[in-house]
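Nothing in this text is a laboratory measurement; each read-out follows from the coordinates by a stated rule. In this text, all values refer to a predicted model and were calculated from it rather than measured experimentally. Note: ideal-geometry Cβ built from the backbone for every residue, glycine included; neighbour counts use all protein chains shown.
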């Protein structure tokens, strides 16, 4: 009985621990192994050095995918945070109907990215959406055809992704703003410090952990972005809006090139590690003040 | 159901049980759209009529990508289906990976070698033994035209790419979109391969897109192919990006565009909309000689069990039966793979396709379509498509394009 009491947590945790060990870390190891083989249609297990990585880095399409990832990821994270923070600050002004507005801004997050992508595909389609509508109002020369411009199409993905995520970032920041000690703010107000200074010098700096969480959430959304691109541009025009995830999918499932897909998956994982490991390090290291 | 019939049914099952093993087949395919589902139902009925048990395993979506993923999972878990819709070099690829059943006895008994064009029969063999059965032949290099528009502007169906360009210029000046096109990469690839065939001829096509000869890939002919692709890009409306092929077909149907370059599945769209060949729309092979085929077929995995092996034999037999070949292809819009099937009831485009297939098979210009997975394995085919679609959707020069083409092919090997 005593043994049971002591070991209940371990017994309860064991199955999920084993499951994660096998189905997450086991499969990562499997993918790593496959990425060093010449697997095509089916996995093969004879090692063949770094051929797949050489092929990957020689492929112009992979270059496009990686460039798009950094361009899309950077813009998506920065713009979503800026818009999210602005919305949060405006909502924080003790306005009426705050609850309703908050819901309206947060709602896009409830939609599937496939829906977002499809809807924006119609809105941005030059023959159906904004361009056609504005031309219909009499501005014959109005042009907004980013969706079909290979150089600009990636920005439409940013646009749709920001639309989807900034409400969520706002919710995070709003919670952060509310958690700042109201005594300090009141003291500052008594001292006659203007509101914008209160935000920039007191509130926002104390919200640093929230910024970090928002950044981590947005960064991993960006790296695994897949459904939005598939629905919005299908990776096109050409392969101008390919991301690593769509590249990996094409190799694994359309082309029967498993080794190549595995190597691209490993690179994606390393990009995630590069972002998440410093975060984990800062979270997990023992705090000196405790 | 009352008690009596339940008893009767179970007695029947018990009586039938110990007799000869019944043929069974579990069939993995991706024919899930209207006309396709109807076509596969024909096979299913015939199979049942011969006393077989058919387990249907349709996997929708993605031009077979999803079905192939399902297949991989099944094979990896050691539970391969009896028959799978596979085509082109993928048949041989699967044969090398896991082995396919030998259906030679059925093929020899029914003289498949005599009724199939040699090139198509070759796709159905793995190391010389029969391992797959073809159900149809789609011709890929078709150009479809809106008859009314063409008549209005006094344009004949083009027989050379120069004529095509001239006709397109004329239409463009008159304010008509010359070419309906959907900007998905396989559609870019479809136009590309017809231009390779048209400008380079069958022999060049064979060297470049089947044998992947580096000299052919970087030749001046290939440069002129990319030049023509750049010209064709100018004939497409601004809004083509990401459009589905059937929407492009609808543009020709509704008079929004004059031509479309697409395989004969486009005909199904015309016919389904109640249009008549020769009256509302016209079909012609794309400029140049030759016939690019896309053959659907079923391959059979090596399996234990008398009932399954019998199922495979029965299925192979039915698939190549003249009866099925006729009904199926009337439904699907393609032509029978057998050359000896009566073409009663087939439309003019199909009849022409069939005559050309026989003629081109003799002339050696019956060639596998690369864009539809008949000429190359997945990796090199995909690498070529990447270059074609990147060129078509940017201002890449033809010199850069051929360089990228040969690099990409080398990288995919």
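At the listed q of 0.13, 0.21, 0.27, 0.28 Å⁻¹, the Debye profile of segment B:124-170, built from one uniform point per Cα, gives log10 I(q)/I(0) equal to -0.51, -0.77, -1.04, -1.07. FRET efficiency for the residue B:45 to residue A:213 pair, using the beta carbon distance and R₀ = 51 Å, is estimated at 0.30.
Take each residue in A:48-60, count the other chain C-beta atoms within 10 Å of its C-beta, and the mean is 2. Picking from A:94, A:121, A:224, which is most flexible by a Gaussian network model of chain A using Cα springs under 10 Å? Taking springs between Cα atoms under 10 Å, the residue moving most is A:94.
Peptide B:97-104 has a mean of 1 when you count, residue by residue, the C-beta atoms of other protein chains within 10 Å of its C-beta. For segment B:14-150, the spread of Cα coordinates along the three principal axes comes to 67, 34, 32 Å, biggest extent given first. Taking every alpha-carbon pair under 8 Å whose residues sit at least 6 apart, segment B:138-229 reaches a relative contact order of 20 percent. Dividing the helix sum by the residues of chain A, where each DSSP H run of 4 or more adds -39500 (n - 2.57), gives a mean residue ellipticity at 222 nm of -21000 deg cm²/dmol. For the pair residue B:79 and residue B:400, the difference between a 0.36 nm per residue extended length and the Cα-Cα distance amounts to 110.9 nm. Taken along the Cα-to-beta-carbon direction at a fixed 7 Å, the label points for residue B:227 and residue B:289 span 2.3 nm. Label segment A:61-284 by shape, choosing from rounded, prolate and oblate, from the square roots a ≥ b ≥ c of the eigenvalues of the Cα gyration tensor; if a/c is under 1.5 it is rounded, and otherwise prolate applies when a/b is larger than b/c, oblate when it is not. Verdict is oblate for segment A:61-284.
The alpha-carbon atoms of segment A:196-279 define a convex hull whose volume equals 117 cubic angstrom per residue. Each residue, residue A:152 and residue A:273, gets one label point 7 Å from its Cα in the Cβ direction; the gap between the two is 4.0 nm. The Cα center of segment A:79-151 and the Cα center of segment B:249-277 differ in position by 36 Å. Helix B:185-205 and the long axis of chain B differ in direction by around 80°, with both axes built from C-alpha atoms. Subtracting the Cα-Cα distance of residue A:21 and residue A:51 from 0.36 nm times their residue separation leaves 8.0 nm of extension gain. With contacts taken as Cα pairs under 8 Å and at least 6 residues apart, chain B reaches a relative contact order of 27 percent. Angle of helix B:3-16 to the longest C-alpha principal axis of chain B, folded into 0 to 90 degrees and rounded to 10: 80°. Peptide B:239-245 has a mean shielding of 6, counted as Cβ atoms of other protein chains within 10 Å of each residue's Cβ. When a footprinting reagent is the concern and you count Cβ atoms within 10 Å, what order do B:106, A:157, A:11 take, fewest first? Fewest-to-most Cβ neighbours within 10 Å comes out as A:11, B:106, A:157.
For chain A, the relative contact order comes to 29 percent (Cα pairs under 8 Å, sequence separation of at least 6). Neighbour counts of other Cβ atoms within 10 Å put A:254, B:394 in the fewest-to-most order B:394, A:254. With R₀ fixed at 60 Å, the C-beta to C-beta distance from residue B:118 to residue A:284 puts the FRET efficiency at about 0.35. Each semi-axis of the equivalent ellipsoid for segment B:215-283 is √(5λ) with λ an eigenvalue of the Cα gyration tensor; in descending order they amount to 29, 14, 11 Å. Taking all C-alpha pairs of chain B, those more than 40 Å from each other amount to 20 percent. The angle between the Cα long axis of helix B:65-76 and the main principal axis of chain B comes to about 40°, on a 0 to 90 degree scale.
Calculated from the alpha-carbon coordinates, the protein assembly as shown shows an Rg and a Dmax of 30.0, 101 Å respectively. Exposure proxy for A:122, A:33: other Cβ atoms within 10 Å of each Cβ, ordered fewest to most, give A:122, A:33.
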